[in-house]
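Down below is the structure, laid out as structure tokens.
The values are calculated or read from the model by the stated rules, or taken from the named source; none is laboratory data. Source: prediction; values computed, not measured. Every residue, glycine among them, receives a Cβ derived from its backbone with ideal geometry; neighbour counts consider all protein chains shown. With ligands, DNA and RNA removed, areas are computed over all heavy atoms of the protein, side chains included. Shrake-Rupley method; radii C 1.70, N 1.55, O 1.52, S 1.80 Å.
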Amino acid sequence: MIQFSDLAGITGGKLLQLAANRPVVHLLTDSRRVIPEEGSVFFAIRGERHDGHDYIRMLYEKGIRQFVAERAFHLSNYPSANVLLVDSSVRALQLLAAHHRKQFSLPVVGITGSNGKTIVKEWLYQLLSPEYAVVKNPGSYNSQIGVPLSVWQIRPYHQLGIFEAGISKYHEMQALENIIRPDYGIFTNIGSAHDAGFKNREEKIQEKLALFARVKKLIYCIDHQDIHRAVTAQNIPACTWGRSAGASLRLVQEKDEYFLDFGGNKTPVSFAFADAAGIENAMHCATLMWLLNYEPETIAARIRQLRQIPMRLEVKEGINGCLLVDDAYNNDLAGLQMSLDFLQYQRQHSRRTVILSDLEQTARNEEAWVKEVADKITGAGISRFIGIGPVLSRWPQFFTMAHSFFPTTEDFLAGFNAADFKNETILIKGARAFRFERISAQLQRRLHGTVLEINAAALVANLNFFRSQLRPGTRIMAMVKAFAYGNHSVQVANLLQYHKADYLGVAYADEGAELRQHNITLPVMVMNPAEESFDTLVQHRLEPEVYSILLLQKLAAFLDGRPIGIHIKLDTGMHRLGFSEDDMPRLASMLKNHPNLQVKSVFSHLSASDNPDLDALTHQQADRFMRMAFALKEVCSAEPLLHLVNTSGILRFPQYHFNMVRLGIGLYGIDPTGTNKLQPVATLKTTVSQVRRVKAGEPVGYSGRGVSARDRTIATLAIGYADGFSRAFGNGVGRVLIHGERVPVVGNVCMDMTMVDVTGLDVKEGDEAVIFGEGLPIEEVAASMNTIPYEILTHTSARVKRVLVAEGM
């Protein structure tokens, strides 16, 4: 085991303080995900938006005692800390992982390419786990930080490593190669991803090939000519597959049948998917199995069983007030840690339960594996643990929290009692063989098949994009009003709190109260406070917008000297709500006379920041705002925040950012300025309830409106205007996406159902229909009925199930 004193020699750093020589066990790079255990080491990394050094004090107070830092700090304030000073914390992390890798002689597979890296890795894990104890990247941890954290997971009982490596610019791969040191390589393909980081496609191929500098064999598709030329030029030993005659392993198609041609020995194979990318990924896997001396019949049989893997974690509403974190991803230790980390920002409940299965593979040292699982569960502060599988059931003594064990999933379901799960967050994580989807079905709140998916990664990417547009120190108020623009305010607020937004904005006090009830602690501005909501404001520490003398008088009278934070709204030209310039003397006098009214911010609202034709009006509003706000600052006891711009204003008027901005619709992927730099967050989808043939001349739906002169195939969808799919979409106005094709709405939209024309498509009951999302942008949907995306999003009704998805978990 490496001790902290060893790190100076491994990384070339300088040991500043050694309070006690502790082991190095847990490597931490994210201050929000801490394991305050004896062997934890925090690497303080300076990033584009956050500096890890800023969180050292907080981590020390939480119990972290070992730090690797790029700059010195006052050691007298950290008497029991071990501190190593390095030039680069990332480089130190990489050198430590490379040293760790050298201690093991297990064969390792390295995977890179533009697409398919993660799915190939996960499929190989499925295919090879029956014979090997496999260690792999959790999720898509394939970056300069993710790879060393992944390789650090290697333990003595592992028999095979499978690691993917991703790069975005030149000269990044050499460091990853030194960490992974693969014996076998897989180059999946080459595409346009990250083209901006390279001079040309050839340079990108050369950079990716640096991962395979020492491999025994490199696997790639010989039909990718640009990859084939580069590999041949470097004389890298290869084992190729492809349809071409020169491939080591040929994929042969004869009519509708596929065969694997192993040097003239043809073995029939079938795929559970028809897309070219899926077949390509499966063939990479088949070729590696051949290299590892699997029999052709075994390869074909296991390839036949492959299914697309849900590469994401989902957050759903559960029964009895529970929140369900459903992780169908493979069950390994690194993946478990990621899922436990994800729980850290799900703060709706103080009680947390984990339902976990045995590994897909048999651990070669099951006691050590269960002990490590128990340590992770304990470190995450889990209230109750439910273990399923014979291995976990043999070691109950390691679990100190409330616990129960079941040999099989069937045993758990046989004794399932819904009343045992109330007002808690439940993580479900099981290996594929345990079929935990049956447990998820029992714990999930019963709602109909229409779902609004909220892409957590896209929302965070949008938040960070807007952060990149701000000067350092400028704060962000994220608007979560109107159910977070239809996206579920509590789940979105949890995500924003975890990613360190500064303020939240809601429309009404009840919305703010719900956030507080689910452990949201960020300051919350209420934009439409009513007199009857004053008690709610005080009870839940909410900060009202104040926009009139009368409202201010009523609030002051209610408080009777009790303090509250308020936000002063100025009318600078929107003429909706706010104090006018004529109100300023009286407003200033009232604020002087009521020091308990603590002005947190002064703000206004631009009426046309998205319209270049009205920029003169915007500048006029900004001038008026500065004049009024600066006058008010003179009577405030503390310096208030100033904010004027919304999403379009952030993008178009950086000179008016002041010290806070309000981020609304842009957070959810909708850009009123059309810069196309945002990622869509929400996808509304439903299912096909029934498919029927309708003869020419026969009507469809209410009022007999859906008549056609031709025979048609009509699909009925499980969505209607009660779900937010407007009647305005009826009679051909609206389109939905089924099997990648836009199909028109037929007849009137019903309350709970909608009919669409799917003539010519192979549509079956249960198929998915996208209302808006990937392939059918919400902007296009809104334009079809002459409205704006805001309306489409916010009209999605509360009865539609919201599912937060975290890609790559």
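General observations
- Once both labels are positioned 7 Å from their Cα atoms along Cα-to-Cβ, the gap between S88 and R243 label points is 4.3 nm.
- Set of lysines near K592 by C-alpha distance (under 23 Å), chain-local residues within fewer than 8 positions excluded: K554, K569, K600, K633
- Helical segments meeting 20 Å axial Cα length and Kyte-Doolittle -1.0 threshold in the chain (DSSP H): 276-291, 615-633
- GluC sites (Glu not before Pro) restricted to region 763-798 and DSSP loop, no more than 13 other C-beta within 10 Å: E765, E774
- L663 long-range amide H proximity, modeled H, under 5 Å: M477, A478, M479
- Bridge orientation summary for the chain: considering DSSP beta bridges with both residues in this region, about 40 percent are antiparallel.
- Secondary structure note: in region 524-621, about 0% of the DSSP beta bridges are antiparallel.
- Surface composition of the chain: carbon plus sulfur atoms hold 48% of the accessible area, using a 1.4 angstrom probe and ignoring ligands, DNA and RNA.
- DSSP-loop trypsin sites (Lys or Arg not before Pro) across region 538-646, with at most 16 other Cβ within 10 angstrom: R541, R576
- Here the dipole of the chain is about 860 debye; that uses its Cα centre as origin and unit charges on the Cβ of Lys and Arg (positive) and Asp and Glu (negative).
- Cross-link reach list, aspartates and glutamates versus K14, counting only Cα pairs under 18 Å and skipping chain neighbours closer than eight places: D6, E70, D87
- Considering all different alpha carbon pairs of the chain, the Kirkwood hydrodynamic radius works out to 29.7 Å.
- Violating pairs (Cα-Cα greater than 20 angstrom) within the set K500/K677; K121/K208; K136/K169; K422/K500; K169/K500: K500/K677; K136/K169; K422/K500; K169/K500
- E698 sits among other residues whose Cβ lies under 14 Å from its own Cβ, and their net charge, with Lys and Arg +1 and Asp and Glu -1, is +4.
- Region 240-325: C-alpha gyration tensor shape, a/c 1.5 cut-off, then a/b vs b/c: prolate
- DSSP-defined antiparallel bridges as percent of all bridges, region 29-164, nearest 5: 5 percent
- Less than 5 angstrom separates the built amide H of V269 from those of Y258, F259, L260, all sequence-distant by 5 or more or on a different chain.
- Looking at region 339-413, the trypsin sites (Lys or Arg not before Pro) that sit in a DSSP loop and have at most 16 other Cβ atoms within 10 Å of their own Cβ are R351, R364, R394.
- Taking each DSSP H run with n ≥ 4 as -39500 (n - 2.57) and averaging over every residue of the chain yields -8500 deg cm²/dmol at 222 nm.
- Take the chain with all the other protein chains still there, run a 1.4 Å probe, and you get 40 Å² of accessible area per residue.
- For region 704-809, the spread of Cα positions along each principal axis, largest first, Å: 47, 30, 23
- Residues whose placed amide H lies under 5 Å from that of T754, excluding near-sequence neighbours: L717, I719
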